[in-house]
Structure formats: structure tokens, C-alpha cells
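The values are calculated or read from the model by the stated rules, or taken from the named source; none is laboratory data. Everything numeric here is computed off the predicted structure, so don't read it as measured data. Using ideal geometry, Cβ is built from the backbone for each residue, glycine included, and neighbour counts are taken over all protein chains shown. We work out accessible area using only protein heavy atoms, side chains counted, and drop any ligands, DNA or RNA first. Shrake-Rupley method; radii C 1.70, N 1.55, O 1.52, S 1.80 Å.
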Amino acid sequence: MINTASIINVPFLRMKEDLDAMVAGGVRYFHIDLMDGHYVPNLCMPIKLIRELKDAYPQVAMDVHVMVTDPCAYIERLKEAGADYMVFHTDSTNFVRRTINEIHKAGMKAGIVINPSQRIDHIAPYAEYVDMVMLMAVEPGFAGQPLLEGSMERLQEIADLRRQYGCKFLISVDGGIDHERCLRCREIGVDMIVGTVHNIFKQPDGLKSACMRFEREFGKMAGGE
């Protein structure tokens, strides 16, 4: 599995120190939350930061999760900023297929997000067109929330849907995934875990060591992606 480390958990005053520690620990994906204060009641990460991260860490993929009311309005700016993935919420637009197509035309990989209140099978019309499906295991908008009951079963539903339709999209999960649940995610067939306070940040062994532990047990060192 891939550890896509969530930048929202990094204290601004020591961002460079923590980013360096994560990369030294084997992180090759940064998960960047972009919030507009409308789709969710929070504001988070300027697009300018994505460009700065890409310039400073060109070997790291930028996995950008957009929690905004008009995802199409951000496509060109995210392309220019160097985003590799643009992952958006299906209920944030009436034009899901168009948004997927425009993301691909911009040269980025397209992902869709399933909120806790949405049925898993609502993504079926888009399953063959996307590169990633991300399950929110918490309500979107704020870091550090505990896992919502039933989230592991919902991940299994996504894996079953992927097999049923013969799709190749990556399965990602955001929120509340600790070490024990990482083990279960691997059994289910999850490809990406958003790194949060539950698995890499605020761990007793420190950030770099926690990232190395993830890689050793679930990532490249364990024969993964």
C-alpha cells in the first residue's frame, strides 16, 4: 500500500522539518487538502503551496483532494501547480463525467470521493473512467477525527465493485486508519492510506520512524506498490 501523507497534519512552523522527515522515511506521495470554506466549513492549503512542494520534492507525487463547490474551476490552476492527482467529491458538481474528462485532458489522474452519507454503488457509472476512488472514513473538512463505524465494510464494497466491473482504479481511504486497520485494509485490497495522526503523525517513535515502519510493513519494503 502507498502512504500518501496528509500535509494538513503538519504544523506550519516546522513544515520543512516534517516534510524532510517524511521523505527520508520513504513517503513518495503528499496528500494535500484544498478547501474553499463553502463545500466544507474550513479553509485549507493554498494552491501556491503545491507548486512549492513540487519544486522542492520533485520525486513526490502530489495527491490533491479538492473539497470545493466548483472543482472544474481549479483544474487549470492545479495543472500549473504540478498536481499529479486531482480527487473531487461527486456531489460537488452536476457534471462528474465532464470533470473527470477535463482532469484527464489537463494531464492529471482523476479521482472521485465517496462521503460517509453516500452509497458506494453511486460511483458505478464512473468506475471505468477514474484512476482513484477515495472513501472518506470521517466527515470531510477537519483532521484528526475518529473512524466512522462501518467504514471497513464500505471499503470492502468498493473492492467488490472494482472486481465486479473489472476496473483498475486505486482504492484510497482518508481518516481514522490506525495500524490495526491498515492490516485489514491490506486484506481488503486497499492501495492507498492517507497518512494521519492515527498512523504516522504523533506516533511514539517519531514521524520519520513511523513512515519507515509503514513502508516496512505495508509499502515498497513489503513488496507493495
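Okay, here's what the table says:
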read-out	value
Residue within region 154-172 that is touching a Cys at 6+ places or on another chain (Cβ under 6 Å) and at pLDDT 95 or above present	no
Count of region 8-42 residues which are modelled with pLDDT under 95, surrounded by 18 or more Cβ atoms within 10 Å (Cβ to Cβ) and either closer than 25 Å to Glu217 by Cβ or of a type in the set (Gly, Ala, Ser) (or both)	3
Residue in region 133-149 that is in a helix (DSSP H, G or I) and open to solvent by less than 50 Å² (accessible area, probe 1.4 Å) present	no
Residue count for region 43-68, restricted to those that are within 23 Å of Ile120 (Cα to Cα) and either at pLDDT below 95 or charged (D, E, K, R) (or both)	1
Close pairs from region 74-89: first more than 11 Å from Met62 (Cβ to Cβ), partner of a type in the set (Asp, Glu) and modelled with pLDDT of 95 or more, Cβ under 6 Å, at least 6 apart	Ile75/Glu102
Residue, surrounded by the fewest Cβ atoms within 10 Å (Cβ to Cβ), within region 66-88, restricted to residues that are under 16 Å from Asn101 (Cβ atoms) and among the hydroxyl-bearing types (Ser, Thr, Tyr)	Tyr74
Every pair of residues 6+ apart whose Cβ atoms lie under 9 Å, when the first sits in region 186-201 and is on the phi < 0 side of the Ramachandran plot and surrounded by fewer than 23 Cβ atoms within 10 Å (Cβ to Cβ) while the second is part of a helix (DSSP H, G or I) and of a type in the set (S, T, N, Q)	Ile188/Gln156; Val197/Asn9; Phe201/Asn9
Hits in region 103-126 (condition: part of a helix (DSSP H, G or I) and not β-branched (Val, Ile, Thr))	His104, Lys105, Asp121, His122, Ala124, Pro125, Tyr126
Verdict on Ser209 being of a type in the set (S, T, N, Q) and open to solvent by less than 10 Å² (accessible area, probe 1.4 Å)	no
Only one of Asp63, Asp91 that is closer than 19 Å to Met134 by Cβ and open to solvent by less than 20 Å² (accessible area, probe 1.4 Å)	Asp63
Residue tally, condition open to solvent by 30 Å² or more (accessible area, probe 1.4 Å) and farther than 17 Å from Met1 by Cα, over region 151-177	8
So Phe214, is it surrounded by 13 or more Cβ atoms within 10 Å (Cβ to Cβ) and in a loop (DSSP other than H, G, I, E, B)	no
